[in-house]
Amino acid sequence: MAFEGLAERLQGTLQKIKGKGKISEADVKEMMRDVRYALLEADVNLKVVKEFVKNVSERAVGQDVMKSLTPGQQVIKIVKDELTKLMGGEQSQISFSTRPPTVIMMVGLQGAGKTTTTGKLASLLRKKYNKKPLLVAADIYRPAAVQQLETLGKQLSLPVFSLGTDISPVEIVKQAIEHAKEAHNDVVIIDTAGRLHIDEILMQELKDIRAIKEPDEVFLVVDAMTGQDAVNVANNFNETIGITGVVLTKLDGDTRGGAALSIRSVTQKPIKFVGMGEKMDALEPFHPERMASRILGMGDMMSLIEKAQANVDEEKAKELEEKFRTQSFTFDDFLEQISQVKKMGPLDEILKMLPGAGKIKGLENAKVDEKQMDRVEAIIYSMTTQEKTTPDIINGPRKKRIAKGSGTTIQDINRLLKQFEDMKKMMKQMTNMQSKGKKKMKMP
Ligand code: GDP
């Protein structure tokens, strides 16, 4: 998980100051020394660290903090505000053209995730903004780059414009924009050539593509795992061809976070999206405030709720609630519930969005046993319809059969049956409590 070390150190430092009824300048100084180390260790740009420490210190020793009743809390709020500011403050939106097609140019070094992100972005624009994107294969140098984009297009059922590798990228882009107008594609996303290092000839090519029609966005794709290198690359691309935003990929890995915290300050260009995995739906808009909140262990309930809203089927959730209430919940419903939870992504990532998750002992190293869920699913699949609805009939021989069918043990079956019973008991108690509560409310 990204930011782990930084989060741990910052939270530890802030914990010390949190409950203090009085804070002196010396306290602030000491705290900021720790914060400085934590940021440097996370590979944050030195200039950025200095500026950050200066800003927080100035505000923290201000009269309104020192005199307040909860100075510790105030200082933490200042740290959060400044972290948010560092990452760009407000969430940065995509700028769409008023005269479609909107042209988005994707640039970046080879291996950063440019082609993958081109596919993810197209998919997100279609899903969230109702757009009809056209993908353009303008990387004619990397072997198989055109093919990679075509495969992504097929996988996503999105059109890809390509003219092979014998025509100049400038010509390809010109024709692609014309094609988009005819085919009513309102967004054109251009996958340009990647490069291993910043190289003048290829930079010139990007400038030439840029000159065809002023793009509405030029997104630089950088790999978060490369830390300060990512920041240097961003600076360089920005100065040479001009970018409008950054997509930071591989934030699902264990990057220390330096790039995410420095890019905005150094380049003055916002991080627009972050890549959270290899799958096509693993691209998320970047929210500075939510990220700051997560780093400081305050959780990210907004993202959690959005994830749930995007993945959980409301109708099914209602049905489930009704079954809870009437206690007609079966193993089939249990399966349904597991599949809904699974859709939200890896469980350990979800857990970390909860406020205070960092403080739960052992959670930082917890790898939720997803295999356990698979085992539960396998067991339920091995049950007959009757067993799923009336588990009371599951006797010794049945247990043996189910264990054999699901590749598990009798103990596994027993455990699941007990869990199911406990869950039913709990539901009963809850419904009882609710109905009692209602009666009470009706009383004058
Ligand atoms: P390009 O050379 O910049 O076009 O890079 P590719 O799109 O081919 O990506 C390089 C590798 O990085 C591929 O294996 C991708 O699956 C992987 N990748 C891209 N984005 C992400 C991400 O957000 N998370 C992870 N874990 N892998 C990614």
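Test VAL107 against the stated conditions and say whether it is part of a helix (DSSP H, G or I) and in contact (Cβ under 8 Å) with a residue 24 or more places away in the chain.
No, not satisfied.
Kindly establish whether LEU135 is of a type in the set (A, V, I, L, M), in a helix (DSSP H, G or I) and either buried (at least 20 other Cβ atoms within 10 Å of the Cβ) or out of contact with any helix residue (DSSP H, G or I) (no Cβ under 7 Å at 6 or more places or on another chain) (or both).
no
Given the residues GLY275, GLY242, which is the only one that is more than 16 Å from the ligand (Cβ to nearest atom), at pLDDT 90 or above, under 27 Å from VAL146 (Cβ atoms) and not aliphatic (A, V, I, L, M)?
GLY242
State which residue pairs qualify: first residue among the small types (Gly, Ala, Ser) and inside segment 324-352, second residue at pLDDT below 75 in any location, beta carbons under 9 Å apart, and separation of 6 or more residues or different chains.
Close Cβ pairs satisfying both conditions: GLY345/LYS307; GLY345/ASN311.
Which one of these is in a loop (DSSP other than H, G, I, E, B) and within 27 Å of LYS250 (Cβ to Cβ): GLY88, GLY21, GLY5?
After ruling out the rest, the residue left standing is GLY88.
Looking at segment 158-186, which of the residues that are closer than 21 Å to GLY119 by Cβ and of a type in the set (Ser, Thr, Tyr) is surrounded by the most Cβ atoms within 10 Å (Cβ to Cβ)?
So the residue we want is SER162.
Looking at ALA138, is it small (Gly, Ala, Ser) and within 26 Å of THR240 (Cα to Cα)?
Criteria met by ALA138.
The values are calculated or read from the model by the stated rules, or taken from the named source; none is laboratory data. All of these numbers come straight from a predicted model, not from anything done at the bench. Neighbour counts run over all protein chains shown; Cβ positions are idealised from the backbone, glycine included.
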